[in-house]
Every structure is written in C-alpha cells, then in structure tokens.
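The values are calculated or read from the model by the stated rules, or taken from the named source; none is laboratory data. Quick caveat: nothing in here was measured; it's all calculated off a predicted structure. Please note: Cβ atoms are built from the backbone with ideal geometry, for glycine as well, and neighbour counts cover all protein chains shown.
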Amino acid sequence: MSRNRSTGVIAAFALSALALTGCAASADAADTGATGAAEASTITLYTSEPQEKIDAIVAAFGEQHPEITVDVFRAGTGDLTARIAAEEKAGDIGADLLLAADAGTFEDYAERDLLLEYASPEAESINQDLVDPEHFYVGTRLLPTVIAVNTTAIDDAPTSWQDLTDPAYAGKIAMPNPDVSGAAAYNAAVWLDEDALGMAWLEGLAANEPLIAESNGPVSQAVAEGSSPVGIVVDSLVRDLAAAGSPIEAVYPEEGVPFVSQPVGIFADTEEAEASQLFVDFLISREGQEIAASQSYLPIRDDVESPEGAPAIGDITLLNPDLETIRASQADAVETFNGLFQ
C-alpha cells in the first residue's frame with residue numbers, strides 16, 4: 001500500500017530512521033525480526049560507503065553469517081540514485097539493500113512502494129528519533145558536516161559558517177558537489193532553510209570561489225595536503241586523516257551543523273528478505289556500531305562510545321529542519337547551488 005506521509009517535525013535527529021524492509025518475509029518475521037538464514041544466500045548491497053569501510057563491515061557480518069554472501073556495488077550517492085531510477089523504470093532494481101544518502105531519499109522510495117517494512121529488534125536499542133515510525137528504513141550513523149582546517153596553513157581558524165564569507169578565505173575553500181554527494185545536496189537545502197544563513201550566506205560563500213570537488217573524500221584530501229586549507233566536509237573523514245598524521249582538524253560551527261544518518265533499507269522486490277534483514281540487524285547492533293565508531297563515525301547507540309577525538313553528541317549543535325520542507329526544496333536548492341558555484 002502506498003504511504004502518504006506528512007512527517008512534521010522529526011525530533012533531534014530528524015534525518016534518520018529505521019531501516020525496515022522485509023515485506024517478502026512473513027508477518028511473524030516482520031514482528032520479531034530475522035532469526036537466521038536457513039540456506040546459503042547472496043544479497044546485493046548498493047552503498048556510498050568507502051570501499052575499505054564497507055569491506056570491513058561485510059567481513060564482520062560474514063563471521064556471524066558465513067551462509068550469506070554480500071555482493072557490494074559502491075558509487076557516489078548521485079550515481080546510486082540515478083542507477084536505481086533507471087532500474088526502477090526498467091522494472092527490476094538490481095539490489096536487495098541500499099546503505100547511503102539521507103532520510104529524505106528513503107522517504108521518496110517508501111512513497112513509491114520501493115521499500116519493505118522491517119522492524120529490527122536491534123532498533124529498540126538506538127535513539128528512537130532515528131527509527132522510521134513506519135519501519136521502512138533506519139539510520140546507521142551520524143554524519144555531521146563541519147569546517148575542516150589545515151592547522152599548518154590556518155592560524156586563526158573560522159568558528160562559524162559566516163566566517164567563510166570573509167574575503168580572507170577567497171580561493172582557500174573546498175566543498176563537495178551536491179550532484180554527486182547526497183550529504184552535500186541535503187546541506188544545500190538546510191543552509192538555504194536556515195534564517196541565520198540562507199541565500200545571502202550562500203552568495204557570500206560563492207563570492208570566495210570555493211573549489212567544488214566531486215565528493216567529500218577529495219575535499220578532505222585537499223585540506224590535508226593544503227591545496228585548499230579550508231574545507232566543508234563530513235567530520236569522520238577529518239578524524240581519519242588526523243589519525244593518519246595529517247595536519248587537519250574539525251571545527252563545529254557555532255550556528256550548528258547539518259547532518260545525515262546514512263539510512264539502510266531493503267528493496268521491496270528482494271528475493272532474500274531474511275538475509276537482508278540480518279544485515280540490517282548487524283549494522284545497528286552493538287558490534288556493528290562498534291565497527292562504525294572504529295571507522296570514525298558517530299555511533300547511534302548509547303552503549304557504544306564515540307570515536308577518539310570526537311565530541312559527545314550532546315556537545316554538538318545539530319541543525320534539525322523539518323524533513324518535509326527539505327524534501328520539497330532540495331532539488332531547487334541544488335539547482336540554486338549549481339547556478340552560484342558552477
């Protein structure tokens with residue numbers, strides 16, 4: 001049945017929710033969660049996760065469930081959504097699960113009946129603001145976008161988004177392309193929706209002619225090597241590079257930070273609902289979240305500590321716009337961004 005959602009204000013972690021899927025499973029399985037795959041099976045995962053990180057997750061999952069093979073297709077969020085759109089039009093989505101993007105993307109898929117409902121038993125242990133009330137998807141980590149600075153090139157680091165409009169930063173900033181990065185597309189809509197930022201801020205930022213890199217990865221590398229000593233990027237990449245010895249640190253702007261939660265959901269036409277449910281369970285389980293924290297992500301469970309060097313979630317000001325507003329404005333926001341920056 002199609003769902004028509006009027007989400008309203010979704011609390012503190014607005015952008016995440018429970019990855020739920022499993023229509024092909026029985027009603028009992030949907031209520032109690034997957035309990036195990038009886039036979040050898042293969043599931044296909046579409047994801048925007050860096051290859052080495054998703055490889056580690058798949059390997060750990062395989063230790064628990066050696067009977068399940070996970071085939072991974074990895075691409076940027078923009079490429080993934082384009083691929084899914086083409087496959088939807090052809091009538092056959094080639095994946096069992098999607099791990100990428102933001103809650104708005106999954107809302108769109110749920111409204112088109114592309115996702116299965118699945119209430120994972122592990123979801124009881126995460127912040128319930130991250131659980132989709134209708135059980136079509138669930139957030140798997142918090143990915144705030146921050147200001148990254150090269151500490152050898154920048155003596156007086158910016159402390160706010162407004163600081164980045166200072167002409168002193170002209171030619172020194174890098175940021176990801178919203179046509180490729182799902183987080184960047186979401187950020188564009190959030191920034192334009194914020195009264196303290198909006199179009200005037202975006203125009204001021206564009207006046208400083210930032211480098212538009214393909215995705216968050218190249219942005220963080222540009223900051224670390226100093227070719228762009230300031231970057232707008234997800235915080236986990238900053239911690240990765242700092243841990244490897246790069247002169248880079250994250251600044252959480254005083255106005256607040258936009259964030260996505262990289263939901264996971266199961267496609268409705270999967271033939272491997274039970275195995276897919278088990279993978280969802282693993283991602284949000286304590287072990288799965290410990291892996292997330294070891295990979296520099298902010299975990300979504302209270303029983304898992306944040307990675308070393310990361311602030312406590314309670315110490316971060318999060319921008320929590322109305323999800324429906326962002327969904328309705330995101331395409332126009334990306335077009336506006338492209339008009340200003342490209």
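To keep it simple, each residue is scored yes or no on (1) more than 15 Å from the chain's Cα centre (by Cα); (2) among the β-branched types (Val, Ile, Thr).
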site	(1), (2)
ALA184	no, no
ASN208	yes, no
LEU211	yes, no
ASN216	no, no
VAL219	yes, yes
ALA222	yes, no
GLY231	yes, no
ALA243	yes, no
ILE248	yes, yes
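Determine whether SER236 is among the hydroxyl-bearing types (Ser, Thr, Tyr), closer than 22 Å to ASP129 by Cα and not in a loop (DSSP other than H, G, I, E, B). Answer is yes for this residue. Could you please let me know if ALA56 is closer than 26 Å to ASP302 by Cα, part of a helix (DSSP H, G or I), modelled with pLDDT of 85 or more and assigned by TED's automatic domain parsing to the domain that holds PHE106? The answer is yes for ALA56.
Among the candidates ASP269, ASP302, the residue that is more than 26 Å from ASN177 (Cβ to Cβ), charged (D, E, K, R) and at pLDDT 95 or above is uniquely ASP269. So ALA250 ticks every box in (1) closer than 30 Å to GLY314 by Cα; (2) in a loop (DSSP other than H, G, I, E, B) but one. Which box is left unticked? Among (1) closer than 30 Å to GLY314 by Cα; (2) in a loop (DSSP other than H, G, I, E, B), ALA250 violates only (2). Within region 177-222, the set of residues being among the hydroxyl-bearing types (Ser, Thr, Tyr) and part of a loop (DSSP other than H, G, I, E, B) comprises SER181, SER215. Sub-8 Å Cβ pairs linking a first residue in region 197-215 that is β-branched (Val, Ile, Thr) to a second residue that is assigned to a loop (DSSP other than H, G, I, E, B) and buried (at least 16 other Cβ atoms within 10 Å of the Cβ), at least 6 apart or interchain, are ILE212/ASN177, ordered by first then second residue. So is ILE147 at pLDDT 95 or above, within 16 Å of LEU211 (Cβ to Cβ), in a strand (DSSP E or B) and not assigned by TED's automatic domain parsing to the domain that holds ARG83 or not? Spelling it out, ILE147 is indeed at pLDDT 95 or above, within 16 Å of LEU211 (Cβ to Cβ), in a strand (DSSP E or B) and not assigned by TED's automatic domain parsing to the domain that holds ARG83. Within region 234-269, restricting attention to residues that are hydrophobic (A, V, I, L, M, F, W, C) and within 30 Å of GLY94 (Cα to Cα), the residue that is surrounded by the fewest Cβ atoms within 10 Å (Cβ to Cβ) is ALA268.
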